[in-house]
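Undergrad: Handing you this structure, nothing more for now.
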Amino acid sequence: MGSSNIRDILTAFSPSLDYFAISSGDGRIKIWDTLKGQIQTEFADIASSEATNIYAKAERGHLSVDYKCMKWLSFDKKKKRKLGSSLLVLGTGGGDVLALDVSAGQLKWRVIDCHPGGVSAIAFSTNGSCIYSGGADGMVCKIDSLTGNLLEKFRASTKSISCMAVSSGKMLLPACLCSALILTLHI
């Protein structure tokens, strides 16, 4: 039995800090209720889209997805304990971006192969209407947060994007390990 590497652990608090998401590298995602101190929901059966051979058996279950980044998006900041207005957005090593509806306990949408080589960063617009993902390919994908539709894809760097932030002044700031770029957005 192998042990998970500390670098494989991903965590995120909900914006209201009432919930905590953790993935320990085995593809399972557990949502903890921080006030009650117990598990609220667990996601363990999300199919991987990384199989390209049509004769290959599609993998299901907790070992089939390799998560690389995670961020919690809340649409309604006024109601603090309402999970129904939030998504847990994840990027995978296979290049997919997916959103989990935590209150329903299911996958809401998935953008397949958004970043060949893997997704390494996720950021949101200030109003939460768009999700931006950055990847090993140096590209940025702009995704509609409600539908999962890919709205735009553009090159931000010739190197892998390691992190991103969106300012309130309509600026996207993707960063590589050695430099930061500033791009003006039309939000």
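Undergrad: Amide H of CYS130 versus every other amide H placed in the peptide plane: which residues, excluding those fewer than 5 positions away on the same chain, fall under 5 Å?
TA: Those lying under 5 Å, H to H, from CYS130 are SER125, SER145.
Undergrad: Given bins 5 angstrom wide, list per bin the percent of all Cα-Cα distances in segment 84-124, short to long.
TA: 6, 26, 29, 20, 14, 4, 1
Undergrad: Could you tell me the relative contact order of segment 105-166? Use alpha-carbon pairs under 8 Å, at least six residues apart, and round to a whole percent. Don't skip to the end; give the middle numbers.
TA: Values: 129 pairs, mean separation 19.6, N = 62.
This gives 32 percent for segment 105-166.
Undergrad: Using amide H atoms built 1.01 Å from N in the peptide plane, name the residues 5+ places from LYS68, or on other chains, whose amide H lies under 5 Å from its own.
TA: Placed amide hydrogens put GLY91, THR92, GLY93 under 5 Å from LYS68.
Undergrad: Which order do LEU88, LEU17 fall in if you start with the one that has the fewest other Cβ atoms within 10 Å? Show your work: numbers first, answer last.
TA: On the way: LEU88 24, LEU17 10.
So the ranking, lowest neighbour count to highest, is LEU17, LEU88.
Undergrad: Sticking with this structure for a sec: For ARG28, ARG155, which order do you get if you count the other beta carbons within 10 Å of each Cβ and list the fewest first? Let's see the in-between values first.
TA: Details: ARG28 18, ARG155 9.
Taking fewest neighbouring Cβ atoms as first place, the list is ARG155, ARG28.
Undergrad: Ranked by Cβ crowding within 10 angstrom, fewest neighbours first, how are TRP109, TRP72 ordered? Numbers along the way, then the final one.
TA: Working: TRP109 18, TRP72 21.
Final ranking by Cβ density, sparse to dense: TRP109, TRP72.
All of the numbers you see were taken from the coordinates with simple rules; none came from a lab. In this text, all values refer to a predicted model and were calculated from it rather than measured experimentally. Virtual Cβ from ideal backbone geometry, glycine too; neighbours counted across all protein chains shown.
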